Every structure is written in C-alpha cells, then in structure tokens.
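Just below is one structure, and these are the notes that go with it.
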Amino acid sequence: MRECLASPHAVPVRHDNVLGVVSLMFWALTLVIVGKYLIFILRADNKGEGGTVSLAALVTGKQAGRIRKLGLVALLAMFATGLLFGDGMVTPAISILGAIEGISEQNPSLSTWVVPLTVAILIGLFMVQRFGTARIGSVFGWITLVWFLAIGALGLRHILARPEVLEAVNPYYGVRFFLENGWHGFLLLGSVLLVVTGGEALYADMGHFGKKPIRLAWFTIAFPGLLLNYFGQGALFLSKPPGTVDNPFYELVPPTLLVPMIVLATMAAIIASQAMISGAFSVTNQAIQLGYLPRMTIVHTSGKSEGQIYIPEVTYILMVACVALVLAFKTSSNLAAAYGIAVTGTMLIGSCLFFRLVRVRWGWSMPLALAVCVPMILIDTAFFSACVTKVSSGGWFPLAIGVGMFVLMTTWWRGRLDLSTVMDTGAIDEPLFLADIAGNPLPRVPGTAVFMASSSTGIPNVLMHHVKHNKVLHQQVVLFSIETDNVPFVFGERSLTVSPLEQGFFRVVARCGFMQQPNVPRILARAEGHGLTWNPMDTTYYLGRQTLIVSGRSKLARWRKVLFSFLARNSRPPTDFFQLPPNRVVELGLQIEL
C-alpha cells in the first residue's frame, strides 16, 4: 500500500484510487496464490517435491545422466533457478529491513539503527541454519500463527470504522483504476506484486511441508489474516487526510502495542526469509544431483525427513549478498525495485513449464490447457512488464544473478559432458577387457576393490590406470556407477542392479533421485542380497582425480574451460559426496586435455 499510495510519485490518494489498489491486491492474491499455485501448480509435484527444477524434471521425464543435449525446458529451469537465487538474496534483506524500519515509527531518532540491526539479524539467521529446518520450524510455528492473527485483528479494527473499503472486492474498482491512471497505473503493478511474492517459495518448499498442510494453513490462517490487514490499510487511507500516511502497516497499530508489533513483525520476516533459504537449499540439491552444479557439502539435519538439508556454501553466499544489499540500498522501498524482477521472472517461467506439462505429460486437450494456462501467463507477463522499468534502479541485481547462475550451470553441464566424452574415447568394452584378463592373468590380492565409474558401461579409466601402473587386481572387483533419475526419490528393486561378470567382476548400478544423497557403503551392503560378498573392513575404493588441461580439442570456449576447471577444483571431494570411508580410499591422478 505504501508504494502504491504514499510515495511522492504515486497516483493521487482518492477514494476510488484507494479502492482500486485494494481491489488489485485482493484479486492478485486470489488469482495468483489461490488460483495458480494452490489449485493448479501444487498438483505438479514430482513425488512430493516442488520448485522449478522439479517441474522441469517432471516435464522432460528424462534420466539426468543420459541428457546429451539441453532442451528449452532445461534452459528455462536453469535461468529460473538463477532468478530464485537472486530472490533468495533479496527476500531476507527486504523482509527484515522493512520490519526493523518500524522502530523509526516508535522513535525517529532510532532510524540510524535500522541498517545495523538488520545486518545483525541477517547474520544471526544464517548462522542458525546449521541446526536444521525442523528445529527452526518448531520455534517458528506458533509465531506464525500469532502473526497472522495479530495482523488480521489490526486490519479488522479499521475495517469496522470504514466498512465501505469492502467494496474493493468488486473487480470493477481495479479495472477502473487502470482506465483512469493509464500507464502510470499499470506500472504500479510492480508494487502490487509484493503481495504475491511468496508463491514460488511456497511451491519450492512443498517437499518440506506437503501440499495438504500448505493449503490448509493458507485458507484457514494466512489468507484471512492478509486480506483483513490489506483491507484495513485501505480503510486507514480512507480515514486519513491525503499525504498523511507514511507507513500504513505500522499506523494500524495502537501506540501502546507498537514495540511488541515491531518485534513480532521482525520474527515474521525472519520466518519468511527462512522459507526462501530452505527453498534455495532444495533447489541447489536438485541441481547438483541432476548434474547442473558442482558437488557441495550437503548436511542432512533430520533423521526423519530426507528433504531437510543444510548447505554451508549456499548459506555463506546468501548471507554475504543479503548484507551487501542492505548496506547498498539502506531502505526496503529502495530494495523493492530489485525484488520484483526475480519473482516475476520465475513465476512466468513456471507458468510456461506448467503449460508444457499439462500438454505433454498430463495429456490435456489444447482448449483446456489454454483456458487454464493463458490467464496465468498473461498475469505473470503483466507483472513482469511492470517490473522491467525498475531494472536501472535495482532490478538489474537479480537479473545479473540469474544470468550468472545460468552461465555457471550451463558451463558445468557442458564441461562434464565434454569431459565424459574425452574419457570415453579410450574406454575398453567389458568383454575385451575380461578376455584379456583371462588370457594374461594378473596377480590377485585378497579383498574387494570398488572402482567408481561415471558410466554404467565399459571399463572405467581409473581401473585401466590402476592395472597399467600397479599390475595387480583384487580377488573381487566391483564397477560401481550411480545414475540420477528425474524423480526426487528412487526406492525398491529399481534402485539397485547387480550384474555378475567373469573373472570375479561385478557391475553395480545404483539409481538415486535428485533429492537423495548416495551412500556407497550402504548401497553395497544391500548388494549382498544379490550375490555380492562384501566385507567393509576388507574393501578399498578407487577414485580418479582429474587434472584438467584447457588446451584440448573440446569445442567449449576457452573461458568456459577455465571456469569449469575452477569449479571442478573447488567442488566437494567425491569421498565426502559418496560418503566413503576416508581411510579406505585410493585416488589415482589423471591428466585430461579438455
């Protein structure tokens, strides 16, 4: 409301304009959050998981490890993921900064403390991420309930004083607002957008909470509380002389309750930020498993829910970015310009992917798909268009993050593909290798050797390197490879294939979902039921450590080769990623020209 009606460049504060803005807020919440996300988008769950990456995986239905060419769907998902990271940097900053700004309402002399307090709270929020979403959520649940009850009660108090504000439910006032204010009224959609910015985070966090609890909480608590508060702010503008309302949210609060409300608003802002941070963790994990980002440290913070994770690298990157944004923009009004681009871009891409999903995967007829998806796309396009004008005043930041992440993800995917092609060039087929072993026997030593392989066919380079230099084999040799499917979780017999070969060799192929972390020793323990005899204390794991030389014949641009080499050197060691016992791992160095 403040950005729409109280800024120096906003439309005149007239009765009809107030009702028009409130009407736009009401219908934005109803059409976008209720209509688009709760009714339709939440149905697009990939085995319980949500988010743009999950949606793209659901659309393609391809196995991640077998994708040899990036299609439009994957490219859109990568760019949307980048925008989500930009959103994850802006959301905590603007939410907490806006809440702390309330202290200037209580005492204008405290305005100088807004930025330092915001920075301190942001650092504290990111530092507690290591304790896990479950512990944090157990503290935040009751606070969220109190928050929505409080803001609803504050709004209801003013609605009872000016009940004519309820006329804004009529869409006539929203349409009239556009007709009377023209282009300037259209641009104010960039401010109205702020009421629906939680939709993508809600979808991304579906794996943490489930669609039924999300819908129940929205319709019984969140939606009524938000509507009462927004209509209450509208009633406040109707009650006050034009130009006298500076911060409508805090002016709803009686003076005696202002300090408790500032504290409650700050806690609510922290909760909203937590939802975005958890969504960033989930999306990062999905991108890593699908081969779009390098390996990172992923800590599971719950023994009951596999989706509750903590990623230190993402935490520190978001923390530094949030603090920098607060120091650079200083006020939530300034940050609002940077906020809209990321949200609307992600929403628009999500709508396009949903249209592709209902046509290709769900088999909807074209008229039905158009009837459902065209309104979504038109609304998202209108919001995005209204935010494009803010690029120069801050909207460039999430766009830059989106482009940067897009470049990084496409470089990593293409680099891995070219690296795999180079390594497969000298690969030997299994029958030829095993025949050579039978004809020219090598000394065999007791125990089991597990050779990690990127492909489920052929002999891995690390084994060839081992035979060439050590000229010895273990009595039992396991060729172990992991394939990531485009589903969150893979269970049952489909998750493991054990194929006995000749000469004491076994081929083990484990299939994981993009929300699962492969634990090789645990998988091998399951393989015992398939004829593989395995003693953990008598097993050695062999990994290849590649040293990349960027002067090879790969068609990848040289700057991308340098970037890929840097990412490969700094990615999480495979020993940690595959949860191998460090004292039983042997790494063999390989120089590869890329």
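A few points about this structure:
- Percent accessible area from carbon and sulfur atoms, the chain, protein chains only, probe 1.4 Å: 64 percent
- Divided by 2.2 N^0.38 Å, where N counts the residues, the Cα radius of gyration of region 291-353 comes to 1.51.
- At least 15 Å along the helix axis (C-alpha) and Kyte average at least 1.6, DSSP helices within the chain: 72-100, 114-127, 312-329, 366-388
- Legend: Rg and Dmax of the chain, from Cα coordinates, 27.6, 97 Å.
- Residue-normalised accessible area of region 193-295, given per residue in Å² at a 1.4 Å probe: 33 Å²
- For LEU588, the residues 5 or more places off, or on other chains, whose built amide H falls under 5 Å of its own are LEU543, GLY544, ARG545.
- The value for region 19-126 of Rg(Cα) / (2.2 N^0.38 Å) is 1.54.
- Out-of-range pairs (alpha-carbon distance over 31 Å; input LYS390/LYS555; LYS240/LYS330; LYS471/LYS555): LYS390/LYS555; LYS471/LYS555
- Taking ILE482, ILE437, ILE39 and ordering them by how much accessible surface each has at a 1.4 Å probe, largest first, produces ILE39, ILE482, ILE437.
- Normalised per residue, the accessible area of region 476-524 is 33 Å², obtained with a 1.4 Å probe and no contribution from ligands, DNA or RNA.
- Short-range pairs are left out: with C-alpha atoms under 8 Å and at least six residues apart, the relative contact order of region 212-322 is 13 percent.
- Over region 84-182, the pair-distance histogram of Cα-Cα distances with 10 Å bins from zero comes to 12, 24, 31, 24, 9, 0 percent, rounded to whole numbers.
- Over region 411-556, the hull volume per residue, using the convex hull of the C-alpha atoms, is 129 Å³.
- Cross-link partners for LYS211 among the aspartates and glutamates, with Cα-Cα distance under 15 Å and sequence neighbours closer than 8 places in the same chain left out: ASP45, GLU49, GLU200.
- Cα-Cα pairs of region 206-314 separated by more than 23 Å (percent): 51 percent
- Think of a 1.4 Å ball rolled over the protein heavy atoms: region 308-379 then has 38 Å² of accessible area per residue.
The values are calculated or read from the model by the stated rules, or taken from the named source; none is laboratory data. None of these values were measured; they are calculated from a predicted model. Heads up: the accessible areas ignore ligands, DNA and RNA and are worked out on the full protein's heavy atoms, side chains in. Shrake-Rupley method; radii C 1.70, N 1.55, O 1.52, S 1.80 Å.
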